[in-house]
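Peer 1: Here it is, the structure in full.
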Amino acid sequence: MSPRRNTPRRRQGGRRPTGGEDAVFNRVTGAERRENGPDGEWAVRRITGSAATKAYRCPGCYQEIPPSMPHVVAWRPFGDGRDRRHWHSSCWERRADRGVRYPRR
Ligand SMILES: [Zn+2]
């Protein structure tokens with residue numbers, strides 16, 4: 001099962017989900033940047049410890065990212081943001097080295 005999409009999905013009109021979490025996310029995070037890896041283009045933001053208020057599951061190592069730990073958020077820039085993932089900073093950096101594609105589990 002490989003949910004790769006060959007056709008970039010583009011949204012017209014910029015409709016975004018508005019929820020508490022997203023509002024907080026947009027307020028507390030700084031500028032995003034683009035990274036090109038072997039698995040394509042990503043929009044990436046660095047989350048500071050003070051901005052990390054929840055625990056997340058890192059898709060790189062499947063361990064929890066505890067609150068207050070600075071980490072990385074990455075998502076497909078052409079998507080609707082639902083594929084956003086929180087990564088340990090080190091797991092994000094190592095992902096390209098290991099040749100890891102988008103996690104499938
Ligand atoms: Zn990790």
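The values are calculated or read from the model by the stated rules, or taken from the named source; none is laboratory data. Here the structure is a predicted model, which is why all the values come from computation and not from measurement. Positions of Cβ are generated from backbone atoms using ideal geometry, with glycine treated the same way; all protein chains shown enter the neighbour counts.
Peer 1: Out of the residues in the stretch 55-64 that are surrounded by 16 or more Cβ atoms within 10 Å (Cβ to Cβ) and not hydroxyl-bearing (Ser, Thr, Tyr), state the one that is farthest from the ligand (Cβ to nearest atom).
Peer 2: Pro59
Peer 1: Also, quick follow-up: Go through the stretch 65-82 and count every residue that is of a type in the set (D, E, K, R) and surrounded by 13 or more Cβ atoms within 10 Å (Cβ to Cβ).
Peer 2: Of the residues in the stretch 65-82, 2 are of a type in the set (D, E, K, R) and surrounded by 13 or more Cβ atoms within 10 Å (Cβ to Cβ).
Peer 1: Same structure again: Can you name every residue in the stretch 63-77 that is free of Cβ contacts under 8 Å to residues at least 24 places away in the same chain and either within 17 Å of Glu93 (Cβ to Cβ) or assigned to a strand (DSSP E or B) (or both)?
Peer 2: Result: Glu64, Ile65, Met69.
Peer 1: Evaluate the stretch 34-54: report whether one residue or more is modelled with pLDDT of 85 or more, within 16 Å of the ligand (Cβ to nearest atom), over 11 Å from the mean Cα position of the chain (by Cα) and surrounded by 13 or more Cβ atoms within 10 Å (Cβ to Cβ).
Peer 2: Yes: one or more hits.
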